[in-house]
Every structure is written in structure tokens, then in C-alpha cells.
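One structure below.
Every number in this text was worked out from the coordinates using simple rules, so none of it is lab data. Since this is a predicted model, take the numbers as computed values, not measurements. Virtual Cβ from ideal backbone geometry, glycine too; neighbours counted across all protein chains shown.
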Amino acid sequence: RTLLARIAQLDPQLNSFISVTEELALSQAKAADARRAAGENGALLGAPLAHKDLFCTQDILTSCGSKILGGFKAPYNATVVEKLASAGAVTLGKLNMDEFAMGSANESSHYGPVKNPWDLSRVPGGSSGGSAAAVAARLIPAATGTDTGGSIRQPAAFTNLTGIKPTYGRVSRWGMIAYASSLDQGGPLARTAEDCALMLAGMAGFDAKDSTCVDQPVDDYLAALQQPLAGLRIGLPKEYFGAGLDSRIADKVLAVVEELKKLGATVKEISLPNMQHAIPAYYVIAPAEASSNLSRFDGVRFGYRCENPKDLQDLYKRSRGEGFGAEVKRRIMVGTYALSAGYYDAYYLKAQKIRRLIKNDFVAAFNEVDVILGPTTPNLAWQIGAKNNDPVAEYLEDIYTITANLAGIPGLSMPAGFVDGLPVGVQLLAPYFQEGRLLNVAHQYQ
Ligand code: GLN
């Protein structure tokens, strides 16, 4: 109830929640109390949290930040929602996000922009901007997010949080509304690595309902936190520290490296030679998959339908034309173009080849080092509206995060201090399924 009151008091300024689920929260809290009274004892039992509004929640609006899903109440819970609820977590609501998770600033939401709690004139990052703002403003201790090209790590960096994108396939995507299915992955945002470990333990695991979910035991993330860092080999990619990176962010990142050295880590320069091709490849592959995934929103099956359609074509055209925002339309057009006959080989196939080269770069790098460290973002959180007329400028902000999605490896962003009152994030990357290692390094640093 304290948190519900805090949300009512503070969220009108932040706009981080799309729905507050008071009734559900109170009944879940009561059930958690009863389980505790019966002797049960789990870290998530009674833990308040909220979900990014692309996780399906039964009988509750699941909007994906879009007008086209206006009024859509999912008939079932996403696996992640179900798992956290059965561990006893209490759902306080659904969180604002960029429309269909497309964006890095949380400005493309039909429900309006989210403000960064550290400076209300600035963006909180995106697309999980509502998740980040709500946790950073202490409205909730942890939230779920999703990361297709940085959407957990970049908002975590902009709001002084820890956020982890697991290995592709570690967390079930069932009931998570798809943006780019081969890149999407759910994960937590919280204040500390320890809280992320508790959340991830509750979210990860095999699910037969998602054919890309991997049937492999989930590591003990809590135990992993305690490992000493002596002998840890850290790689600093030389490509990360070139032009384009704010030098004040570079200084913060190198200060973290010095601290980790004091804890026994060794540092080595490495190279990720194909990184320069990551943004063009991602901005072909992600829109291509999105154009296919979003074809189901036709005005018939879900959410918004235009008024008085004169025939079926008119129904499709106007429902989609009126229901999708500008950025989503741009990506549907780019994706449809990239997949069309005659252009497929030149764009989509080429992008897939680059994707393999990027993956190979990481595999080679991890023969030499245990984790890769660098900045999460090239710049600090920008002013709301600053990049609205320049989508490519916003795409360039994803340079450090999207490679992990293209390769499928896990990545974490953790707080690294402040520049001019704005948070800076450091990103750690590890080989497949080494989420425990990432959480370990972040915890030992914190
Ligand atoms: N900013 C990236 C995009 O707009 C990443 C979004 C995401 O991870 N969902 O596609």
C-alpha cells in the first residue's frame, strides 16, 4: 500500500506506469502473507514489481505502448509473469515503453514520453523506459524489461540501475509480444546485481511453449555473486573507445576497470573488428522481423479497429494507419522493403552474414578473456525531444548494445557514477549462459 500511494503521488510526473493493478496487487500480497505465515520463505515471496507492458497479463490491458492494442486484455499470462507470480511476487502494474519496443528514448509510446527521474527534462532511455524510471524513482524495487537491441541495458545506464539481458533462449518469450523474435529476450532491471540475480532466478528456465527456449539447467545466480574476482580476465575492445564516445563516459568506464584490477582482475586490449557493421545489420534484421510479426495487427483480431470501414481493405488500411505510430510504420516499411523479392539478397541476407561475423568476433574474443567491458552508451541521457526528427541519430546510440543481441550472448549494465548529475553505465558481456559471471563481477564491484 505504501508503494501504491507513492506511485499515485509521483508517477503523474514520470509517466512510468500505463496501468496500476491495485486489486491484483492487494490480493497477491494477501496470498503471499498467508504463504509466509505457513512457513514458506522465498526471496520473491511478497516482492513488489511491475511488468513492461508487452508481457501478456491475463484480463489486464497489454498495450505494447501502442494505440493499436488499445483495450486489448490478454487471455493468458506470459510465462515470465506466471513464474514470478507463482514465486509469490506482487504485481503493481504495467509499465510504459516505446511502441512495440522500438526506440531508445521511450518517446514513441502512445501513452506519452517517460521522464528520467534524475532530470525530468531528459529521456530515461528505451524501450524499457517505464521499467527504468519506476525502479530508479523507488516506486518499485525491480521490474521486468525486454532487450532486442539494448532496451534493458541502455535505460538501466541512463537511470543508474543494474539490468541484465540474458543469453538468447535463457528466458521464455512465450506471451511476450514479439518485436524481432530472433533478438528479443526478457530480463530484470533493479538497483543491484543481487536483486537482478533474485529476479533472473525467478524468470529463467526451460519452457516448452517457446521453441527457442533452451533446455539447460539454470545456474545458481545467488551463489555466483560471491566468487572472488582474482584472475578474472577482462577484455577492453579497442573499437569501443574511439570517436563517438563522450570522453567523460570513457573516464568513468576506465575508473571501473581500475577498481576491478584492485579486486584481482587482469586487463587486456581486444578487437571486435566487425562492430562497425552492427547498426546497419541490426536496422535491417530487426525491422524485417518486425514487419512480419506486426502483420497480425489487422484491426480484426486484437485491439483497435477503425470506424465504419467500407470494405476489408479499408478496414486493414485504416486500422493499421490509425493504430500504429510513425516509428512503427517506418520500421514496417523498411522491413518489408528489405524482405521483398529482388532486395532480399542485397539487404536481409547480407545483414545475416554480418550477424555471423559479429558472433565469430565474440567467440574469438572469449578465447582470450572471460568478460568484455565497455561503456553501455556513447552519450548521456539526452533532452526529451532532442532526437525526434532524426531517427538515425537515435539508432546510432545503440552501437554498444546491439552486438550482444545479434550474437545472442548475455550482457549487463551497471552504474559507474555520474557526469553532470547524470548516470553513466558500464556494460559487461560474457560467453553464452554465463549470466552468473556477469552478476558476479557487478556484485563484487558494487
Ligand atoms: N533501440 C533499439 C530499437 O529501437 C532497441 C530496442 C529494444 O531493445 N527493444 O530497435
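Contact order for the chain, expressed relative to its length and based on alpha carbon pairs under 8 Å spaced 6+ residues apart, stands at 19 percent.
Across all directions, the shadow cast by the convex hull of region 336-446 built on its C-alpha atoms averages 9.1 square nanometres. Measuring r between the beta carbons of Ser121 and Met333 and using R0 = 30 Å, the FRET efficiency lands at 0.40.
When the alpha carbon gyration tensor of the chain is reduced to an equivalent ellipsoid, the three semi-axes, largest first, read 31, 28, 20 Å. Here region 155-311 is treated as an ellipsoid with the same Cα gyration tensor; its semi-axes, largest first and in whole Å, are 37, 23, 15. Computed across region 11-142, the Kirkwood hydrodynamic radius from all distinct Cα-Cα pairs reaches 14.9 Å. Using 26 Å as the Cα-Cα cut-off, could you pick out the over-long pairs in Lys73/Lys387; Lys67/Lys209; Lys261/Lys353; Lys238/Lys261? Exceeds cut-off: Lys73/Lys387; Lys67/Lys209; Lys261/Lys353.
The smallest convex shape that holds all Cα atoms of region 329-372, its convex hull, gives 69 Å³ per residue. Extension gain for Leu254-Glu23 works out to 78.5 nm (0.36 nm per residue, less the C-alpha to C-alpha distance).
Sequentially through region 299-307, phi angles give Karplus couplings (6.51, -1.76, 1.60; θ = phi - 60°) of x, 9, 8, 10, x, 5, 9, 5, 7 Hz, Gly and Pro residues having no value and appearing as x. Ordered by the number of other Cβ atoms lying within 10 Å of each residue's own Cβ, fewest first, Lys73, Lys67 fall into the sequence Lys73, Lys67.
Ranking Ala157, Tyr348, Met97 by how far each Cα lies toward the positive end of the dipole of the chain (charges on Cβ) leaves Tyr348 at the top.
Across every pair of non-identical alpha carbons in region 90-186, the mean reciprocal distance, once inverted, gives a Kirkwood radius of 13.1 Å.
Phi angles of region 405-420 translate, via the Karplus equation with coefficients 6.51, -1.76, 1.60 and θ = phi - 60°, into HN-Hα couplings of 5, 4, 8, x, 7, x, x, 9, 10, 10, x, 10, x, 10, 10, 6 Hz per residue; Gly and Pro are given as x. For region 168-229, the Cβ-based charge dipole about the Cα centre amounts to some 160 debye (Lys, Arg positive; Asp, Glu negative; other atoms uncharged). With neighbours defined as other Cβ atoms within 10 Å of a residue's Cβ, the residues Ser131, Ser292 order from fewest to most as Ser292, Ser131. Temperature 37 °C, viscosity 0.692 mPa s: under these conditions the Stokes-Einstein estimate for region 161-202, based on its Kirkwood radius over C-alpha pairs, is 302 µm² per second. The stretch between Leu222 and Lys261 holds 11.7 nm of extra length on full extension. This uses 0.36 nm per residue minus the Cα-Cα distance. The length gained by stretching the chain between Tyr344 and Leu357 to full extension, at 0.36 nm per residue less their Cα-Cα distance, is 2.8 nm. Comparing Cα centroids, region 91-161 and region 382-446 end up 13 angstrom apart.
Structural descriptor for region 72-226: relative contact order 20 percent, calculated from alpha carbon pairs under 8 angstrom and at least 6 residues apart.
Here the dipole of the chain is about 320 debye; that uses its Cα centre as origin and unit charges on the Cβ of Lys and Arg (positive) and Asp and Glu (negative). Residues His110, His51, ranked from the fewest to the most other C-beta atoms within 10 Å, line up as His110, His51.
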